[in-house]
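Q: Below is a structure I'd like to ask you about.
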Number of protein chains: 2
Amino acid sequence: MGKQVTEMLKGTLEGIVLAILSGRSAYGYEITAWLREKGFSDIAEGTVYALLIRIEQRGLVDVEKVPSEKGPPRKVYSLNAEGSEYLEEFWRTWSFLTEQLEQLRQGDN
Amino acid sequence: MGKQVTEMLKGTLEGIVLAILSGRSAYGYEITAWLREKGFSDIAEGTVYALLIRIEQRGLVDVEKVPSEKGPPRKVYSLNAEGSEYLEEFWRTWSFLTEQLEQLRQGDN
DNA sequence: TACCGGTAGATAGTAACACTGAATAGCGGG
DNA sequence: CCCGCTATTCAGTGTTACTATCTACCGGTA
């Protein structure tokens, strides 16, 4: 999709993944597939896994190892209380940004 | 404002500045002041100058040195044709992102 | 004159984040 | 037995914003 998305995703991809996890638990491979389906065609698998490790180390998610019928065991992530709080904060920040951008787009600058 | 904004700005700040320049020409100090006024309270001055140099080197803006009554000469930036094209592309990318995020927020995932 | 505050820009070093590319590992089917 | 699919990990790279500092010009004031 191009470099612009890549740069814009910095900071937002984390929120996107947390938002996905707020709906239901999921594991890396699944999340990557879901993102691709949604149009984020060139998000590298490595990126998602790295992000999941980051948010795990920050204590925003809980992890459970679940055996898979096909392939190695999955690491299933679910949002915990701290993660929910962080996600709320993310939405506030996101709203602020979109408001500013919307104003700029309308040309009142 | 916090680390979340900082990370989200990566990739969007460039679009923001280009959008400002699409309305009128401006120089670094002015842009920084305008951003602060708009609520981007902790954007460092150095950040804006570095960004302006980047977009200048990529040929998205034209530059003109204008003497100032108070202080050193200003480097006044204005969007050129290539910059306008890039800005359009930015808005398309931005729209895509906001749509996806809006869907996630509504919880249909 | 000497100094200071406000205006204006440049720069070196750092941290965070997404990408690239490759490696590892388990399972089932031809 | 190897290939393809599922699933995760990791080392190295590039981009971007931040921090902190430096240069420079001007007007006012002691």
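Q: Right, B:K38: within 12 Å of DNA strand C (Cβ to nearest atom) and of a type in the set (D, E, K, R) or not?
A: no
Q: Of the residues in region A:4-23, how many are more than 9 Å from DNA strand C (Cβ to nearest atom) and touching a residue at least 24 places away in the same chain (Cβ under 8 Å)?
A: Here the count works out to 4.
Q: Would you point out which residue out of A:G71, A:G83, A:G46 is small (G, A, S) and either within 10 Å of chain B (Cβ to nearest Cβ) or part of a loop (DSSP other than H, G, I, E, B) (or both)?
A: A:G71
Q: Applying the selection to region B:3-42, what residues are away from chain A (no Cβ under 12 Å) and out of contact with any strand residue (DSSP E or B) (no Cβ under 8 Å at 6 or more places or on another chain)?
A: B:T32, B:A33, B:R36, B:D42
Q: Next up: So which residues in region A:1-26 are under 30 Å from A:P67 (Cβ atoms) and either in contact with a Pro (Cβ under 7 Å, 6 or more places away or on another chain) or open to solvent by 50 Å² or more (accessible area, probe 1.4 Å) (or both)?
A: Hits for region A:1-26 are A:S22, A:G23, A:R24, A:S25.
Q: Of these, A:F96, A:F40, which one is under 21 Å from B:W91 (Cα atoms) and open to solvent by 40 Å² or more (accessible area, probe 1.4 Å)?
A: The match here is A:F96.
Q: Is one or more of the residues making up region B:57-65 within 15 Å of the chain's Cα centre (by Cα), near DNA strand D (Cβ under 10 Å from one of its atoms) and part of a loop (DSSP other than H, G, I, E, B)?
A: Within region B:57-65 (the criterion being within 15 Å of the chain's Cα centre (by Cα), near DNA strand D (Cβ under 10 Å from one of its atoms) and part of a loop (DSSP other than H, G, I, E, B)), the answer is yes, since at least one residue qualifies.
Q: Need pairs with beta-carbon distance below 8 Å; first residue closer than 15 Å to A:V5 by Cα and within region A:37-52, second within 6 Å of DNA strand C (Cβ to nearest atom) and open to solvent by 50 Å² or more (accessible area, probe 1.4 Å); sequence gap 6+ or separate chains.
A: A:D42/A:T6
The values are calculated or read from the model by the stated rules, or taken from the named source; none is laboratory data. These figures come from a predicted structure and were not determined experimentally. When we count neighbours, we look across all protein chains shown, and the Cβ atoms used for this are built from the backbone with ideal geometry, even at glycine. These area figures cover heavy atoms from the full protein model, side chains too; ligands, DNA and RNA do not enter into them. Shrake-Rupley method; radii C 1.70, N 1.55, O 1.52, S 1.80 Å.
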